[in-house]
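So the structure is just underneath, and the comments pick up after that.
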Amino acid sequence: MKSQQVIFVSHGGGPLPLLGDPQHQELTMQLRQLGSRIAKPTAILVVSAHWEALQPTVTSAAQPALLYDYYGFPPESYQLTYPAPGHPQLAQQIVATLHKHGITATLDAQRGLDHGVFVPLKLMFPTAAIPVVQLSLKANLDPQQHIDLGQALADLEYENLLILGSGFSFHNMRAFFAPQTEATERRNQAFENWLKLTLTDTQLNESERQQRLIHWEQAPEARFCHPREEHLLPLLVCYGATRRAADSYQMARTLGRTAGMFIWSKR
């Protein structure tokens with residue numbers, strides 16, 4: 001394995017972090033600071049919550065377009081740009097590495113980058129100069145298989161790659177638009193505290209950590225915070241790629257809820 005950085009970010013609601021939304025100020029600030037703080041990567045591989053496929057699929061266009069995969073937002077949100085180049089050779093290398101680990105995978109030269117990719121990257125790396133490829137989730141949403149996917153990615157022979165998991169540690173759409181109460185705040189915090197402990201406690205061995213993540217539904221308030229788990233699974237891919245406790249955690253209040261980010265530094 002070559003030197004890699006691995007980061008999971010909560011990417012906010014649709015394009016709102018890029019539109020000056022006051023409920024995304026903390027998130028926007030943290031993503032900008034994160035991009036300026038970490039070592040500049042040579043290429044970026046993003047696992048976004050917004051792409052599911054029957055088998056892992058990698059974007060392979062040389063100049064990927066953007067997918068405005070949201071609706072009901074102001075006209076300017078459909079004119080956002082992020083002209084980062086793709087990296088067809090890296091895409092092929094990812095597929096070959098997954099095949100080596102017994103994971104069937106394929107390339108997609110047509111699909112563009114969804115908002116789970118371009119929203120955080122536009123804040124972290126605004127010049128759009130670093131090549132970007134995107135890897136889909138598996139549509140079966142199986143926790144173990146997404147950890148395995150990350151473990152396979154750890155074998156990529158690519159120097160100075162950033163693996164970016166882009167999801168949301170809290171993703172209950174109904175709750176986002178419901179009144180905030182002490183009860184819902186407790187439920188949000190209960191799961192976030194469990195997630196932080198699971199990913200950062202160095203007293204856990206990796207078998208224990210992995211079992212907690214595989215059985216995440218048993219965590220307090222798990223299904224309140226994730227009625228559907230697609231926004232959690234990029235974090236499991238990140239863990240699989242590192243197989244150790246995260247080096248740091250940071251929290252941002254977003255849309256009235258607590259959401260977290262996890263950073264694994266190079267080693």
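Taking the chain, how many lysine pairs are there with alpha carbons less than 28 Å apart, if each pair must be eight or more places apart or span two chains?
Lysine pairs meeting both conditions in the chain amount to 17.
Given a 1.4 angstrom probe, what's the average accessible area per residue across the chain, in square angstrom? Write out the running numbers ahead of the final one.
Details: 10920 Å² over 267 residues.
Solvent-accessible surface per residue comes out at 41 Å².
To the nearest µm²/s, what D does Stokes-Einstein give for region 24-81 at 20 °C and 1.002 mPa s, using the Kirkwood radius over alpha carbon pairs as Rh? Intermediate results must be reported in sequence, preceding the final value.
Details: Rh = 14.8 Å.
Once the numbers are plugged in, D ends up at 145 µm²/s.
Carbon-plus-sulfur fraction of the accessible area of region 125-244, 1.4 Å probe, in percent?
On the way: 2400 of 4820 Å².
It is 50 percent, rounded to a whole number.
Filter the DSSP H helices in the chain by two things, a Kyte-Doolittle mean of at least 0.5 and an axial alpha-carbon span of 30 angstrom or more, and list the hits by number. Numbers along the way, then the final one.
Working: long enough: none.
None pass (Cα extent of 30 Å or more, hydropathy at least 0.5).
Kirkwood Rh over alpha-carbon pairs of region 1-159, then Stokes-Einstein at 4 °C and 1.567 mPa s: what D in µm² s⁻¹, rounded to an integer? Spell out each step's value before the answer.
Details: Rh = 16.2 Å.
Translational D for this selection: 80 µm²/s.
Quick one: which of 48-55, 166-173, 37-44, 100-107 comes out on top by average Cβ neighbours within 10 Å, and what's the full order, highest first? Walk me through the numbers on the way to the answer.
Details: 48-55: 19.0, 166-173: 23.6, 37-44: 16.2, 100-107: 14.2.
Output ranking for 48-55, 166-173, 37-44, 100-107: 166-173, 48-55, 37-44, 100-107.
Pop out the Kirkwood hydrodynamic radius of the chain from its pairwise C-alpha distances, inverse of mean 1/r, in Å to one decimal. Please list the in-between numbers first.
Values: mean 1/r = 0.0545 Å⁻¹.
It is 18.4 Å.
Quick check on the chain: of the DSSP beta bridges with both residues there, what percent are antiparallel, nearest 5%? Mind dumping the intermediate values first?
Values: 11 of 34 bridges.
Around 30 percent antiparallel, to the nearest 5.
At q = 0.13 Å⁻¹, what log₁₀ I(q)/I(0) does a Debye calculation on the Cα points of region 101-242 give, no solvent, two decimals?
Computed log10 I(q)/I(0) values: -0.67.
How big is the gap, in Å, between the Cα center of region 15-49 and the Cα center of region 104-151?
15 Å
The values are calculated or read from the model by the stated rules, or taken from the named source; none is laboratory data. The model shown is predicted, which means the values in this text are computed figures rather than measured ones. Quick reminder, even Gly has a Cβ in these numbers, built from the backbone with ideal geometry, and neighbours come from all protein chains shown. These accessible areas exclude ligands, DNA and RNA; they are computed on the full protein's heavy atoms, side chains included. Shrake-Rupley method; radii C 1.70, N 1.55, O 1.52, S 1.80 Å.
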